[in-house]
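The values are calculated or read from the model by the stated rules, or taken from the named source; none is laboratory data. Since the model is a prediction, treat every value here as computed from it, not as a measurement. Here Cβ is always computed from backbone atoms with ideal geometry, including for glycine, and neighbour counts include all displayed protein chains. Remember, those area values only see protein heavy atoms, side chains included, never the ligands or the DNA or RNA. Shrake-Rupley method; radii C 1.70, N 1.55, O 1.52, S 1.80 Å.
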Amino acid sequence: MVNISPAKLKDLLIKEGIIEAGLFEEIQKEAQLKKQNLIDILISRGIVNRDYLYLLLARYFGVNRVNFSLMRINEKVIQSLPEDVAKVRHVVVFAQEADGTFDVAMADPTDLEAIDFLTLRLGNKIKPFLATDEDLNRGFAFYGRESTESFKKLIEESIKESLRSKAKARLEEAALDLPIVAIVDNLLSYGLAIRASDIHIEILEDTILVRFRIDGILHEITRMPKEIQPAIIARIKLLASLRLDEHTHPQDGRFRYRVSDMLVDVRVSIIPTFYGEKAEMRLLSAAQKPLSFSELGMTDYVRKLIEASTGKTYGMILVCGPTGAGKTTTLYSIMNVLNRPEVNIISIEDPIEYDMRYINQIQINPAAGITFASGLRSILRQDPDVIMVGEIRDSETANISVQSALTGHLVLSSLHTIDAPAAVPRLIDMGVPPFLVAAVLNVVTAQRLARKIHSECIESYVPSSEVLNLVKIQLKELNLDPAQVKIPSIFYRGKGCPACNYTGYLGRIGLFEVLDINENIRRLIIGSHFSLDVLKKEAQSEGMITMFEDGLKKIELGLTTIEEVLRVIRE
């Protein structure tokens, strides 16, 4: 992270007219209380744009600002420094000048110890550049191809060693067998290296199939002999403190894993299937910081509606979408905005995905009698200002949440619906009377996650008539007039390169749709002629931008492709 004192940062921002002294000091106190980075809070609060801030910091330090969305990375030069060293030092060696000087992207270009280390390690002069975490992650992605080759060799060697070793009579012994330990460690390390969010270990009739979910898409990674399946599952159970002798019931657990300087929480689910137990591991960075609304992909229109709702002291904010749409990430970002010393925030989650300082987080535990409904009742006796309910799954939870919102609490929660307007009839179907739905809802947002075009290999093209027809058909399905919606004349796509594993995509961005519950919408909800179709038409006439329209804007900006937008909005 950039090494600049709060006093110097304050002077810099005040000089640029970005912030007033009083507000800066307030945010500085907030950063100290939360033990968060001051720059991260300034960005998440929307005080300053990340790119502009880093441009100012680069000028202040007298270095250039690296931007890998505009600059090329030399694939040979980056290999001058091993991946583990680069990640520990938070640097990327991306080019070499004619005199031999290495251009190095650094999180902290004032880190003289790191510069001296690199000078000795690389045997030449170092020219530091200021880089954001995003730029460094783009650089780290270039190590992917080498990581793939190393991973395959290590897995093959560990499998051979495991099959050669004497069969273990007890699962406890098998789980501690060094080759089995190495296989699981390499799966986790490689998954983190290539930005996998989930690792699936599936048991087929004659083999073990390993698949990683990367940017929302499952990819087959490797296959292993079925003979080692019991030992691998036992190893994962041992790490997650699960019962090794239980094979007929699902089990859930978690453990913390460290690779280099990265600490990761691994959420584990084991279920019995026809050919054996299947394991799923969700990888969650223990150091993950809540993203700002703009970093989530929210446009100014969406951001302003959400911010207006967070300014209210009661009511309900709902985030909707299918599993894996990023709902929890959005809820955490909203909680981060609300997380102030004078606000008592309590959440009840299943599971707790990220640890947030000064937020009282409760883990669902049915065995101990802690469900969303029972937990909510207990929370109300803790004098909360803000309540976050991980998910509204049933009628009891829905009604208690609504009552909480009616009695002076701001309630945040998620709901499984296909779009924002569908949340209203969903709550009514759960037994919440329409007049209460109209009374408590402040805003409903629906979202999907679309893969981002890899900026290193982006190219533009003129869409064919077939593609444009698909866009028009989708607009008609949404009851939108194609003549009233701006369709981009130029589309973008990724050509594919080693850094993105030739997919053309790297990372994901949110597509959003926000239903603002104003007086007209409230009257419609409690009216005798209410229907979902009528609600959608009214919302669109009130200016609601659908997810597809939001996607078209991001296509125009070169952030994603038409194929991705069509894929995710049909989920």
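Between 211, 267, 235, 223, the distinction of being in contact with an Asp or Glu (Cβ under 7 Å, 6 or more places away or on another chain) and outside any loop (DSSP other than H, G, I, E, B) belongs to 211 only.
Here residue 94 meets the list (1) touching a strand residue (DSSP E or B) at 6+ places or on another chain (Cβ under 8 Å); (2) at positive phi almost entirely, failing just condition (2).
Yes/no matrix, rows are residues, columns are (1) modelled with pLDDT under 90; (2) open to solvent by 60 Å² or more (accessible area, probe 1.4 Å):
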| residue | (1), (2) |
| --- | --- |
| 489 | yes, yes |
| 499 | yes, no |
| 518 | no, no |
| 533 | no, yes |
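State yes or no: is residue 197 polar (S, T, N, Q), part of a helix (DSSP H, G or I), modelled with pLDDT of 70 or more and within 23 Å of the chain's Cα centre (by Cα)? Considered against the rule, which asks whether it is polar (S, T, N, Q), part of a helix (DSSP H, G or I), modelled with pLDDT of 70 or more and within 23 Å of the chain's Cα centre (by Cα), residue 197 comes out as no. Those helices (runs of 4 or more DSSP H) of region 30-130 in which at least 2 residues are under 26 Å from residue 259 (Cβ atoms), considering only elements entirely within it, cover 38-44, 75-78, 83-89, 112-122. A residue that is under 20 Å from residue 336 (Cβ atoms) and outside the structural domain of residue 420 (by the TED database) can be found somewhere in region 251-263. Within region 323-341, not a single residue is in a loop (DSSP other than H, G, I, E, B), in contact with a helix residue (DSSP H, G or I) (Cβ under 6 Å, 6 or more places away or on another chain), at pLDDT below 90 and under 27 Å from residue 266 (Cα atoms). Take the residues of region 279-336 that are hydroxyl-bearing (Ser, Thr, Tyr) and over 18 Å from the mean Cα position of the chain (by Cα): which is nearest to residue 52 (Cα to Cα)? Going through the qualifying residues, I end up with 301.
Every listed requirement among (1) at pLDDT below 90; (2) surrounded by 18 or more Cβ atoms within 10 Å (Cβ to Cβ) is met by residue 309 save one, (1). Among the residues of region 113-137, write down those that are surrounded by fewer than 15 Cβ atoms within 10 Å (Cβ to Cβ), closer than 16 Å to residue 2 by Cα and at pLDDT 90 or above. Selection gives 113 alone. Checked against the criteria, residue 35 counts as loosely packed, with under 13 Cβ neighbours inside 10 Å and of a type outside the set (Val, Ile, Thr).
Going through (1) farther than 30 Å from residue 16 by Cβ; (2) surrounded by fewer than 20 Cβ atoms within 10 Å (Cβ to Cβ); (3) within 28 Å of the chain's Cα centre (by Cα); (4) of a type outside the set (Ser, Thr, Tyr) one by one, residue 73 falls short only on (2). Listed by first and then second residue, the pairs linking a residue in region 108-121 that is free of Cβ contacts under 8 Å to residues at least 60 places away in the same chain and assigned by the TED database to the domain that holds residue 62 to a residue that is open to solvent by 60 Å² or more (accessible area, probe 1.4 Å) and of a type in the set (D, E, K, R), with Cβ atoms under 6 Å apart and 6 or more places separating them unless they lie on different chains, are 114/89.
If I go through region 342-357 residue by residue, how many of them are of a type in the set (Val, Ile, Thr) and either assigned to a helix (DSSP H, G or I) or at pLDDT below 90 (or both)? Steps first, answer last, please.
As a first pass, look at region 342-357 and keep what is of a type in the set (Val, Ile, Thr): 343, 345-346, 348, 352.
From the residues that got through so far, the ones that are either assigned to a helix (DSSP H, G or I) or at pLDDT below 90 (or both) too are 352.
Residues in region 342-357 being of a type in the set (Val, Ile, Thr) and either assigned to a helix (DSSP H, G or I) or at pLDDT below 90 (or both): 1 in total.
Of note, residue 42 does not satisfy the criterion of being over 25 Å from residue 303 (Cα atoms), out of contact with any Gly (no Cβ under 6 Å at 6 or more places or on another chain) and either assigned by the TED database to the domain that holds residue 303 or surrounded by 14 or more Cβ atoms within 10 Å (Cβ to Cβ) (or both). Within region 535-546, the residues that satisfy the criterion of being open to solvent by 10 Å² or more (accessible area, probe 1.4 Å) and either touching a strand residue (DSSP E or B) at 6+ places or on another chain (Cβ under 8 Å) or not in a helix (DSSP H, G or I) (or both) are 542, 543, 544, 545.
For region 240-253, the condition holds for at least one residue, the condition being that it is closer than 25 Å to residue 354 by Cβ, modelled with pLDDT under 95, of a type in the set (S, T, N, Q) and part of a strand (DSSP E or B).
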